[in-house]
Each structure stands twice: as structure tokens, then as C-alpha cells.
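Quick notes on the structure that follows.
Throughout, read-outs are computed from the coordinates displayed, never taken from laboratory work. Treat the numbers as computed from the prediction; the structure is a model and nothing was measured. Virtual Cβ from ideal backbone geometry, glycine too; neighbours counted across all protein chains shown.
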Amino acid sequence: MSEMAMYRRWQLRSIDRNVRTLTRLITSIDNPAALQKRDGGDGWTISEVLGHLCDFEVYFGARARHIGADAEEPPQLRMSPAESVVAQGYAQQAADVLLERWRGLRADNLAFYQSLDVEDDELWQGSVPFGSGPFSLDNQLILHAMHDCDHMDQIVKIIEG
């Protein structure tokens with residue numbers, strides 16, 4: 001196995017494990033008041049974070065599929081994450097429902113990634129124009145895992161705050 005293939009397998013394992021970690025984090029909340037708290041007092045609630053994760057699971061999946069198909073340019077966001085959170089009304093939605101939605105979206109994206117040959121460097125490292133420069137499946141996979149971690153940390157801060 002090539003070194004890059006090994007790294008891809010690690011990232012795939014990470015985004016798979018993040019499902020269990022985020023699920024445990026949300027389902028272990030025993031204080032309903034924690035679900036109403038906002039990050040830093042005026043930031044997002046846990047439901048808004050989960051809604052954002054759903055939005056980006058759709059976006060990241062579409063972008064990965066677009067890059068994997070060697071299409072011209074992957075889809076771009078139509079509005080900022082903050083605007084989307086408000087427009088979708090995530091603050092009024094139940095965290096458990098949003099978590100289940102995210103889990104389903106993640107399962108679909110993980111199945112897509114796992115359908116690809118991790119040894120195919122040309123596929124994974126081939127890039128398409130995106131925003132300010134080229135973007136590859138390797139880039140997307142790394143971003144996918146990192147994005148989860150950033151927002152799991154945000155949820156921990158909300159719970160502890």
C-alpha cells in the first residue's frame with residue numbers, strides 16, 4: 001500500500017469514527033438546557049451546529065462526487081453558513097432529528113468514498129479549479145474529517161459553557 005493510500009484509509013476511518021463520537025456526544029447530553037445554549041453566548045445552538053453539519057455533508061458529498069467525475073468546477077455555496085442556518089430554521093429543530101439526518105448523509109458519503117480505489121493517486125490527487133485554486137479528492141477528504149472535529153469541539157464548548 002502506498003503512503004498516500006494509507007493516509008486516505010486513516011481519513012476514511014476518521015470520518016467513520018466521527019459518526020460514533022458525535023452521536024455519543026449528542027445522546028449523552030442529560031441537561032435539556034444545554035440544547036438551548038449558544039456558542040459564546042450569541043453563537044450557534046447545538047441544533048444549529050448539527051444543521052450546519054447536514055448542509056455541509058450535502059455540499060461536501062456533492063463536491064467530492066463532482067471532483068471524482070472530473071467535472072469542470074464543483075458546486076459552490078449559494079449563501080454563507082450563517083445565512084443557511086437561519087434560513088433553514090435549525091434553531092427550532094430537534095437535535096436528535098438533525099443528528100439522524102446527518103448520520104444518513106454521512107453514510108451515503110462514506111459509501112461513495114469507500115467505493116473509490118484508495119490506491120488510485122491520479123483519481124485522488126487530480127484537481128479541478130475551485131475558488132482560489134485547485135482542489136482534489138484528497139483535499140476534500142481531509143477537509144471532511146477536519147470539519148467534523150472543529151464542530152464537535154464547538155459542541156463541547158457549548159455544553160461546557
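Assuming R0 = 45 Å, can you tell me the calculated FRET efficiency for the pair Gln88 and Tyr7, based on Cβ-Cβ distance, to the nearest 0.05?
Computed FRET efficiency for Gln88 and Tyr7: 0.85.
Starting from the Cα gyration tensor of the stretch 114-161, take the square roots of the eigenvalues, sort them a ≥ b ≥ c, and report rounded, prolate or oblate (rounded when a/c is under 1.5, otherwise prolate if a/b is larger than b/c, else oblate).
Judged from the Cα gyration tensor, the stretch 114-161 comes out oblate (a/c at least 1.5, b/c at or above a/b).
Classify the stretch 1-87: rounded, prolate or oblate, from the alpha-carbon gyration tensor (a ≥ b ≥ c, eigenvalue square roots; a/c under 1.5 rounded; otherwise prolate if a/b is larger than b/c)?
The shape class here is oblate.
Match the structure shown to one of the listed values (1) 53; (2) 70; (3) 56 of percent of Cα pairs over 19 Å apart, computed from it, and give that label.
The value computed from this structure is option (3).
Can you compute the charge dipole magnitude of the chain about its Cα centre, using +1 on each Lys and Arg Cβ and -1 on each Asp and Glu Cβ, nothing else charged? Give it in debye, rounded to the nearest 20.
540
Compute the distance in nm between two label points, each set 7 Å from the Cα along the Cα-to-Cβ direction, one at Ser80 and one at Ile29.
2.4
What ranking, highest mean first, results for peptides 126-133, 47-54, 141-148, 9-16 when packing means the other Cβ atoms within 10 Å averaged over each residue?
So the peptides 126-133, 47-54, 141-148, 9-16, ranked by packing, come out 47-54, 141-148, 9-16, 126-133.
Let me make sure I get this right: for the stretch 71-143, a, b and c are the square roots of the gyration tensor eigenvalues over alpha carbons, sorted descending. Under 1.5 in a/c it's rounded, otherwise prolate if a/b > b/c, else oblate. Which is it?
oblate
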